[in-house]
Amino acid sequence: MSTTVQSIAARHKGFNRAEIVDRNFIEAVQGWRGQAQAAPRDDEPVLPGSALDVRGFREMFESQMISRHLDLMARVLRVQNKVFYTIGSSGHEGNAMLARLTRHTDPAFLHYRSGAFMAERFRKLPGMDPIMDSALSFAASKEDPASGGRHKVWGSKPLWVLPQTSTIASHLPKALGTAIAIEQARRIGHALPVPEDSIVICSFGDASANHATAQAAFNAAAWTAYQGLPAPVLFVCEDNGIGISVKTPADWISSSFGHRRDLDYLFADGLDLAAGYAEVRRAAEHCRRTRRPTFLHLRTTRVMGHAGTDFEIEWRSVEELVAVEATDPLLRSAAIALEAGVFTPQSLLALYEDTRKRCFAAAEEADRRPRLTTLGDVMAPLAPYTPEAVAAEATREVQSERREAAFGGADRLPERLPPRHLALQINAALHDLLAKYPEALMFGEDVAQKGGVYTVSKGLHKAFGGRRVFNTLLDETTILGLAQGYANMGMLPVPEIQYLAYYHNACDQIRGEAASLQFFSNGQYRNPMVVRIAGLGYQRGFGGHFHNDNSIAALRDIPGLVLGCPSRGDDAVTMLRTLSALARVDGRVSVFLEPIALYMTKDLYDAGDGHWQFPYPNQGVAMPLGEGRVYGEGDDLLIITYGNGVPMSLRAARELERRHGWKTRVVDLRWLVPLNEPFICSQAQSARRILIVDEGRRSAGVGEGVCTALVEGGLGGRPLARVVGADTYTPLAGAAFLVLPADADVVSAAEGLA
């Protein structure tokens, strides 16, 4: 099977690398001159001393060939616009061992070079066709069972492979979160959708292992294990020694991960099925038995380049390429097959060519299948909303005994107490939420015994215990990864991000992962959650941009996200009821943006007036998605605002009436994503002047969306102005109020419209 590097290079100099890799296999089999042993039985070792039996080897070798021919097919048909993805699995086919040695109910978050893993896992459920399913995905067909034609992903609902659209480490936190969720379910009595002893498989490349998101996941896994808490995740680093064109330093992965106390390290040769099988099995069994985070360092290689557009010959020498291609795992599998007598050269080449024909035939058939042709088709799974079902769930009352236990008695139920401010009302609403949903979990930094920085979660830990209300390590990426994991296992996560500025450290866990899952799985998987974030400006005594962050655009830009922002306590309660229902019924990802400066606000106009405290809404009352609140009935001026802008605008309205006799209507949007454009336009129809009060930044807030709605609704011709925050970070102390709208700014802008 061996030929000198120099002779191979000379013979194949004029071919593309895919053709060379293909020819290498054929010529190696044709030129084999070894001595075959007597064919062993299916249950005997494929080679003496190997832990792999013949049946397992034969089936995994077939899976390897399927993966290889899908890659070769993609390279040929991409230039004909019949295939739209050419990042291949060639060189990584050893991951078929992972699929064979784990269950189809072990949730898998896969690296994009996982063709052989998928082909092998398909064997777990009879009647499924990995070639046709993959071809439909390559062709972006509407009938693609993984994503419905929205992306080439490795995914399958029945096989518990959750689709990933990128593998630059962003999937590692949610894989860890899913592993922790499997264990958490038992502690809270939640019925899992997978067996209780399941493990989570998470594969990635050696280059991705260096990413900050990956390091966050490894650290959180070790932090968990250090405390003796179970986290059965099998991290699989498929080490091919290169990331696109950047080479990984020799032995970097083993040096970096081989001696971590609470990340159990094992190595396996993914280039040799007979040699690597025992160690892969050991890793999977160790993870399942010990329930500890396990790091499997799987040796792989990369042939045919990063993708079809990666012409390696332009930046690597022919000699280097040929040396890499000589390590092709299919060459080693062919040698094993022939030496063991599992195949003859003729039967092996016949299977190889038959697999090629099947892949091309499937691709040609997939090309004839329908594709997404309308915007409605594309967006269908992005943001599902069933108003009647959501309303029914939101207004469903909590059982009396649960409420009384949560609040400490019937006389302490919040609706029996006097009007209270925002923080206390949110706190009561969270008590109700956890009482209503036994599967709900609340977690974050400082949320448990301390009750949060602003005591918003005070008493929840005492009422519901540490299994449902708990602190996490100080890492927002991990917090949001945990949320996705709990959601994957059917729970209702309510994570807290301590400040809006901290969210930016981990925004891709919502933007790129949680909010995209329904879209890229065609609605088969979902990540229901209610993310609480304290934010916005106007804090007194707590300065600087980390605690006064008005960067709302970072949230408004996420497709499918629901963003609610209350300005008063009773609205917060009814909004939380709806957000929880949206998560439970439609699987929606939502953010509840809580204005810190309004947490303890009791007064509106004058000190001691108590006008910004409100009664707790009765059970059965919920706020419909998109519904705003309207103050006043005047048409002289319409003020459209949200959050801190609401009490500010009400004070300005009173001053304008005193000065000019104007009757002003103030609209609290309450829902910032999606904006209720018909509602905005209906409120503006009769208004003589329109003022938008937006504490977000001038170039990136909420006001631009309101203006667009008005213009597109034909209402842009009347006097219109914005009062907005400046395009700057928030400074310390009193200077903070120079960059944010103030009461006087609202009055001045309104007078300017006159």
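Given labels modelled 7 Å from the Cα in the Cβ direction, how far is it in nm from D53 to Y605?
The answer from the label model is 8.5 nm.
Just grab the label-to-label distance for A726 and V630, each label 7 Å out from Cα along the Cβ direction, in nm (one decimal).
Label at A726, label at V630, 3.7 nm between them.
Which order do the peptides 100-107, 36-43 take when ranked by the mean count of other beta-carbon atoms within 10 Å per residue, highest first?
Top to bottom by mean Cβ count within 10 Å: 100-107, 36-43.
Using just the alpha carbons, could you tell me how many Å³ per residue the convex hull of the stretch 387-598 encloses?
Details: hull volume 24.5 nm³, N = 212.
Hull volume over Cα atoms, normalised by residue count, gives 116 Å³.
Peptides 461-471, 563-573: what's the order by average Cβ count within 10 Å, highest mean first? Write down the numbers at each step before the final one.
Working: 461-471: 17.0, 563-573: 25.4.
Sorting 461-471, 563-573 by mean packing, highest first, produces 563-573, 461-471.
Going highest first, how would you order 508-521, 626-639 by mean Cβ packing within 10 Å?
Details: 508-521: 23.0, 626-639: 18.3.
The densest-packed peptide leads the list: 508-521, 626-639.
What does the charge count near D133 come to, summing +1 for each Lys or Arg and -1 for each Asp or Glu among other residues with Cβ under 10 Å from its Cβ?
Working: positive: none; negative: D129, E143, D144.
Here the count lands on -3.
Quick one: compute the contact order of the chain, relative version, from alpha carbon pairs under 8 angstrom and 6+ residues apart, as a percent.
Values: 1614 pairs, mean separation 89.2, N = 754.
With pairs under 8 Å counted, the relative contact order is 12 percent.
Work out, step by step, the length gained on full extension between A754 and E44: first 0.36 nm times the residue separation, then minus their alpha carbon distance; give nm to one decimal. Write out the running numbers ahead of the final one.
Numbers: separation 710, 0.36 × 710 = 255.60 nm, distance 9.13 nm.
That works out to 246.5 nm of additional length.
Relative contact order for the stretch 432-580 using alpha-carbon pairs under 8 Å, separation at least 6, rounded to a whole percent?
Working: 223 pairs, mean separation 30.0, N = 149.
Taking the mean separation of contacting Cα pairs over the length of the stretch 432-580, I get 20 percent.
Restricting attention to the stretch 299-398, which chymotrypsin sites (Phe, Trp or Tyr not before Pro) occupy a DSSP loop and are surrounded by at most 14 other Cβ atoms within 10 Å? Intermediate results must be reported in sequence, preceding the final value.
On the way: sites: F311, W315, F343, Y352, F360, Y385; in loops: F311, W315, F343, Y385.
Those that pass, being in a loop and sparsely packed, are F311, W315, Y385.
With +1 assigned to the C-beta of every Lys and Arg and -1 to the C-beta of every Asp and Glu, and no other charges, what is the dipole magnitude of the stretch 5-368 about the Cα centre in debye, to the nearest 20?
On the way: 42 positive and 43 negative charges, 145 e Å.
I would put it at about 700 debye.
What does the extension gain come out to for T309 and A323, with contour length at 0.36 nm per residue minus their alpha carbon separation?
Going from the current span to full extension adds 2.9 nm.
How much net charge surrounds E314 when only other residues with a Cβ under 13 Å from its Cβ are counted (Lys, Arg +1; Asp, Glu -1)?
On the way: positive: R17, R316; negative: D310, E312, E320.
Summing Lys/Arg as +1 and Asp/Glu as -1 gives -1.
Do any GluC sites (Glu not before Pro) in the stretch 135-196 lie in a DSSP loop with no more than 14 other beta carbon atoms within 10 Å, and if so, which?
Values: sites: E143, E183, E196; in loops: E143, E196.
Those that pass, being in a loop and sparsely packed, are E196.
Residue-wise, which Karplus ³J(HN,Hα) couplings in Hz belong to the stretch 116-129, taking 6.51 cos²θ - 1.76 cosθ + 1.60, θ = phi - 60°, and x for glycine or proline?
With coefficients 6.51, -1.76 and 1.60, one gets 6, 4, 5, 4, 6, 5, 4, 5, 5, 10, x, x, 8, 10 Hz.
Karplus couplings for the stretch 385-393 from phi (6.51 cos²θ - 1.76 cosθ + 1.60, θ = phi - 60°), rounded to Hz, Gly and Pro as x?
Taking θ as phi minus 60°, the curve returns 8, 10, x, 5, 5, 5, 4, 5, 6 Hz for the stretch 385-393.
Please compute the length gained on full extension between T708 and S347, using 0.36 nm multiplied by the number of residues separating them and subtracting their Cα-Cα distance. Could you put the intermediate results ahead of the total?
Working: separation 361, 0.36 × 361 = 129.96 nm, distance 6.67 nm.
Answer, rounded to one decimal: 123.3 nm.
In a shell of Cβ-Cβ distance under 13 Å around A583, excluding A583 itself, what net charge do Lys and Arg (+1) and Asp and Glu (-1) give?
Working: positive: K436, R526, R532, R577, R584, R588; negative: E393, E439, D586.
Combined, the nearby Lys, Arg, Asp and Glu give +3.
Nearest 10 degrees is fine. How inclined is helix 645-660 to the longest principal axis of the chain, computing both from alpha carbons?
That works out to roughly 30 degrees.
Considering only F520, G544, M575, whose Cα is most displaced toward the positive end of the charge dipole of the stretch 507-593, charges sitting on Cβ of Lys, Arg (+1) and Asp, Glu (-1)?
M575
Output wanted: per-residue J couplings in Hz (rounded whole) for the stretch 718-735, from phi through Karplus 6.51 cos²θ - 1.76 cosθ + 1.60, θ = phi - 60°, x for Gly and Pro.
Listing the rounded values in order: 8, x, 9, 8, 10, 10, 9, x, 6, 7, 7, 6, 7, x, 8, 6, x, 4 Hz.
So what is the relative contact order for the stretch 5-368, in percent, with contacts set as C-alpha pairs under 8 Å and at least six apart? Please list the in-between numbers first.
Values: 681 pairs, mean separation 87.2, N = 364.
Across the stretch 5-368, relative contact order equals 24 percent.
Taking amide hydrogens as modeled 1.01 Å from N in the peptide plane, which residues meet the under 5 Å criterion relative to R526, leaving out close sequence neighbours?
Under 5 Å from the amide H of R526: no residue qualifies.
For the stretch 559-592, list residues with backbone N below 14 Å from a point placed 7 Å from the Cα of T386 toward its Cβ?
Hits in the stretch 559-592 for T386 at 14 Å: 581-588.
FYI, it's all coordinate maths here, none of it is from the lab. This is a predicted model, so every value here is computed, not measured. Here Cβ is always computed from backbone atoms with ideal geometry, including for glycine, and neighbour counts include all displayed protein chains.
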